Every structure is written in structure tokens, then in C-alpha cells.
Amino acid sequence: MIFSVQRFLEDYFSRRGLRDVDQYAVSLANLYERKRRPRTDKSFLESIHRIRTVFYRNNRELNRLKFEKSILAVLDGQFKKKAKWEIESFPGGLSQERRELKQRTRLTISSLLDRFKRAVESRAVDSFWVSRKAGVLRPRPERIGQALLAVFAKGVLAESGLVWREIFSGIGFIDVVVVLSRIPHLIELKIMRGRYNGAAQLRDYMKRESRRMGWLILFDARPQGRKYRVPARVAANGSHIRNIIVEINPIAPSRLEA
């Protein structure tokens, strides 16, 4: 969300004719992403006021205290509703995945996403459901998947890579971008209830960002009787999309045949 906040602030300042020569918008966006929740308005405004900037010196018509209150209200109106879709930690922790990836001589996006798949299937299936028995998913389950991936990737990569969410591209937003060895990997996430979807959207992002490989994570919520095989790779016009199927509606162990 941090880049969405940053772009919003930059546009907001531009519309008001405000000069931002030392990237005050970037500092505000970082602070909002890291510390807004669960801080009170008073506590968070104190943190905003501690940001060192020449923004107010260059825009002398602004009263800093009043502007800080108004910009917080604007940001909360635009972004605070998204906070309930955030996930602070991955279910069951990530110590095992960190150990496994540290043992590898070369970390790849394939190995990272493979372990994400296994971690979700073993520990995070219930994150998506109000009632799996009744077939009722939680509201906006794709955002839950996006949050799980971001928390997972940040937790296991530490300083070995970068993880960005909701990166603007064209008229849309790439769900997650993971940067390893300076190479950006574009990842789109979809809940699969029936038909296969998401490839056309991801392919458009890949074209705009000049990437020939993209990753489509499909959280498979289909009932057992409606499942069909999804190819591991889809190719078109010289580009390739790798499909990763994450099973979030498995057969209960008690119903498995002996």
C-alpha cells in the first residue's frame, strides 16, 4: 500500500500547487504504512510532526499543525478502510521456511513461491473462509492472499530482497512485486472459484513493465467435483506465465479413503 499512499500524496500536493523538494510525500507514506495502525490520532500526529522537512518552509502559506491534521484526515478517508485486510504475521510463524531458504546457495522466486504454497496449504487455509463446510469465503479473499504473500515474503527474505504491494502499472495495480538480485518478479493473485482467470491481466502488466515471465498464484477454492487441471505454464507472444495452484479447499482428512 505504501506506493499507493505515496502517489496519492504526490498528486494531492501537485493539485494544491505545493512544492515538495525533499520528498515529504515519501516520508509521510512510509510513516503511514509502518505506524498508523494501531496508533491514536494524537500519537500519530506527534510522529508526523517529528518528520524533518523543508516542506513547510517552502510552502509558507500552510500552518503546519493544521495541515498535518487535515492530511491525516484525508489519508484515513482514502486508505484506513484497507487496514482491516492487513495481516501482521503469517500463521504458525516462518522459522522453518527461513531455515530452508538459508540453506540454498541461490534464492529464486520459484523456491520462494513454492514454500509459500506449502505454508498456506499447511497453516493458512482457514484465513480465507468464514465457513469452508458451507463454502462461504471471507470478504475480498484476494486481498487476504495478497497480504499473506507480502508477510511471508518479507518475513523469509529479510534483507535479501524487496517486496512491494499494489504497484501502479498502466490503469491498474500489480498485486505484488518481489525483487531478487535486482530483478523484479510480477505476481498476480486470484481466487479460483470456477474458470481459470488472471492471465490476460498479468500479461498486460508484463508488457507494460517489459517482463517476459510472470507468476499467477491461484488460490483454489473450487469444490472437489469441479476441479480440473490447470497447466503449469501458459505461453503467448514470447511471454510465459507460471501458474501456482494453492489448495485452499482440500478434502478433510476424515473423508479420505483408507
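The values are calculated or read from the model by the stated rules, or taken from the named source; none is laboratory data. In this text, all values refer to a predicted model and were calculated from it rather than measured experimentally. Here the Cβ is made from the backbone with ideal geometry for all residues, glycine too, and neighbour counts use every protein chain on show.
Any idea which of (1) out of contact with any helix residue (DSSP H, G or I) (no Cβ under 8 Å at 6 or more places or on another chain); (2) of a type in the set (Phe, Trp, Tyr); (3) more than 23 Å from ILE241 (Cα to Cα) is the one PHE128 doesn't satisfy?
(1)
Quickly run through segment 188-241 and pick out the residues that are touching a residue at least 40 places away in the same chain (Cβ under 8 Å), touching a Ser or Thr at 6+ places or on another chain (Cβ under 9 Å) and either buried (at least 18 other Cβ atoms within 10 Å of the Cβ) or not assigned by TED's automatic domain parsing to the domain that holds ARG132 (or both).
TRP215
Can you give me the number of residues within segment 176-215 that are among the aromatic types (Phe, Trp, Tyr) and part of a strand (DSSP E or B)?
Going through segment 176-215, the residues among the aromatic types (Phe, Trp, Tyr) turn out to be 196, 205, 215.
Remaining after also requiring part of a strand (DSSP E or B): 215.
So the count comes out to 1.
Scan LEU149, LEU101 and give me the residue that is outside any loop (DSSP other than H, G, I, E, B) and closer than 25 Å to ARG226 by Cβ. I'd like the intermediate steps shown before the answer.
Numbers: LEU101 fails: closer than 25 Å to ARG226 by Cβ.
After applying the criteria, what remains is LEU149.
Considering each of ILE191, ILE144 in turn, give the residue that is closer than 30 Å to PHE79 by Cβ, touching a strand residue (DSSP E or B) at 6+ places or on another chain (Cβ under 8 Å) and among the hydrophobic types (A, V, I, L, M, F, W, C). Break it down stepwise before answering.
Values: ILE144 fails: touching a strand residue (DSSP E or B) at 6+ places or on another chain (Cβ under 8 Å).
Only one candidate qualifies: ILE191.
Within segment 27-44, which residues are surrounded by 16 or more Cβ atoms within 10 Å (Cβ to Cβ) and part of a helix (DSSP H, G or I)? Break it down into steps so the answer makes sense when it comes.
Residues of segment 27-44 surrounded by 16 or more Cβ atoms within 10 Å (Cβ to Cβ): 27-29, 31-33, 36, 44.
Within segment 27-44, SER27, LEU28, ALA29, LEU31, TYR32, GLU33, PHE44 qualify.
Yes or no: ALA73 farther than 30 Å from ARG118 by Cβ, in contact (Cβ under 8 Å) with a residue 12 or more places away in the chain, under 27 Å from the mean Cα position of the chain (by Cα) and not assigned by TED's automatic domain parsing to the domain that holds VAL151?
Values: farther than 30 Å from ARG118 by Cβ: yes; in contact (Cβ under 8 Å) with a residue 12 or more places away in the chain: no; under 27 Å from the mean Cα position of the chain (by Cα): yes; not assigned by TED's automatic domain parsing to the domain that holds VAL151: yes.
Judged against the criteria, ALA73 is not a match.
Just give me the residues in segment 45-73 being outside any loop (DSSP other than H, G, I, E, B), surrounded by 13 or more Cβ atoms within 10 Å (Cβ to Cβ) and not basic (Lys, Arg), in sequence order. I'd like the intermediate steps shown before the answer.
Taking segment 45-73 first, the residues outside any loop (DSSP other than H, G, I, E, B) are 45-49, 55-58, 64-73.
Subset that is surrounded by 13 or more Cβ atoms within 10 Å (Cβ to Cβ): 45, 47-48, 55-56, 58, 64, 67-69, 71-72.
Hits for segment 45-73 are LEU45, SER47, ILE48, PHE55, TYR56, ASN58, PHE67, GLU68, ILE71, LEU72.
Within segment 210-238, work out how many residues are at negative phi, at pLDDT 90 or above and either touching a Pro at 6+ places or on another chain (Cβ under 8 Å) or of a type in the set (Gly, Ala, Ser) (or both).
5
List every residue pair whose Cβ atoms lie under 8 Å apart, where the two residues are 6 or more positions apart in sequence or sit on different chains, the first residue falls within segment 136-148 and is without any contact (Cβ under 8 Å) to a residue 24 or more places away in the chain, and the second residue, located anywhere, is assigned to a strand (DSSP E or B).
Pairs found: VAL136/TRP129; VAL136/VAL130; ARG138/TRP129; ARG138/VAL130.
Going through segment 163-175 one residue at a time, which ones are over 21 Å from ARG118 (Cα atoms) and assigned to a strand (DSSP E or B)? If you could, list the steps in order and put the result at the bottom.
Just the residues of segment 163-175 that are over 21 Å from ARG118 (Cα atoms), to begin with: 164-174.
TRP164, ARG165, GLU166, ILE167, PHE168, SER169, GLY172, PHE173, ILE174, listed by residue number.
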